[in-house]
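In what follows, a structure is listed as structure tokens, so that the remarks can point back to it.
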Amino acid sequence: MKSALIVYGGWSGHDPEECAAIYRRWLHEDGFTVRTATDTSAFADPSIHDLSLIIPIYTMSKIEKEEVQNLTKAVENGVGLAGHHGGMSDAFREAVDYQFMVGGQWVAHPGNIIDYTVDVTKPDDPIMAGIKSFPYTSEQYYMHVDPSIEVLATTTFTGEHASWIDGVVMPVVWKHRYGKGRVFHMTLGHQAKEFDNANMATIMRRGLNWAARDEQ
């Protein structure tokens, strides 16, 4: 049976506990055993190397050197990593090794909560199958991203809230490899209520299952 660890905490504005509960329910339904932790010390546990999947929901905060070293090594050796929004791509701002693994880092959300469009760029990818471009209301994340990621969906900035980024196309959903590990990320999901959006939830749930290491 596949196994997953959800580590949640950090800034409360991203509803980490509520999001962890959603992930836990999905994973149980999809045949995973799931455990949760609320402290980054869980990343230093040698047992994470035996997991199928790790989900961080830990906006900002700090991570100790031995914690990030063990986490990145586990993913490099084949454990999957997946998550959403700032809980994954605005976590541990001082830990560049963590950012290298994720494939991107949040830097701004001009206009805060606004209406924008998510454009599907890889409709043939199984994660995006049957999903067309859709309107969305949330923070529109401006990211610094690794050029090697495989982008599955993007958004285009209008320049209304920062004129110099008018027309910039930014990744919203991506996947990539970190060593043997599969990494999936989606920048949507500022609050747990956004999981009520069927497109968002479908993409995220498929991404979790894609990232999870095959049963050994």
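Numbers for the structure displayed
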{"read-out": "The stretch 1-19 residues near the modelled Glu215 label - backbone nitrogen below 11 Å, point 7 Å along Cα→Cβ", "value": "1-3"}
{"read-out": "Asp39-Ser12 FRET efficiency (beta carbon distance; Förster radius 25 Å; 0.05 resolution)", "value": "0.95"}
{"read-out": "Tilt relative to the chain, helix 65-76 - C-alpha long axis, 0 to 90 degrees, to 10", "value": "80 degrees"}
{"read-out": "Pairwise label distance in nanometres, Arg93 with His144, each label 7 Å out on the Cα-Cβ vector", "value": "1.1 nm"}
{"read-out": "Fraction of alpha-carbon pairs over 14 Å apart in the stretch 142-186 - percent", "value": "53 percent"}
{"read-out": "Antiparallel bridges, percent of DSSP beta bridges restricted to the chain (to nearest 5)", "value": "55 percent"}
{"read-out": "Accessible area of the stretch 1-130 divided out per residue, in Å², using a probe of 1.4 angstrom", "value": "42 Å²"}
{"read-out": "Chymotrypsin sites (Phe, Trp or Tyr not before Pro) within the stretch 1-104: DSSP coil, no more than 16 neighbouring Cβ in 10 Å", "value": "Trp11"}
{"read-out": "Integer Hz, Karplus 6.51/-1.76/1.60 couplings in order for the stretch 172-184, x for Gly and Pro", "value": "10, 10, 8, 9, 6, 9, 10, x, 8, x, 9, 10, 10"}
{"read-out": "Heavy-atom accessible surface of the stretch 54-204: percent carbon and sulfur, 1.4 Å", "value": "51 percent"}
{"read-out": "Two-decimal Rg to Rh for the stretch 81-183 - Kirkwood Rh, Cα set", "value": "0.96"}
{"read-out": "Rounded to the nearest 20 debye, dipole of the stretch 97-216 from Cβ charges on Lys, Arg, Asp, Glu", "value": "400 debye"}
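The values are calculated or read from the model by the stated rules, or taken from the named source; none is laboratory data. Being a predicted model, the structure only gives us computed values, none of them experimental. So basically every Cβ, Gly included, is an ideal-geometry build from the backbone, and we count neighbours across all protein chains shown. We work out accessible area using only protein heavy atoms, side chains counted, and drop any ligands, DNA or RNA first. Shrake-Rupley method; radii C 1.70, N 1.55, O 1.52, S 1.80 Å.
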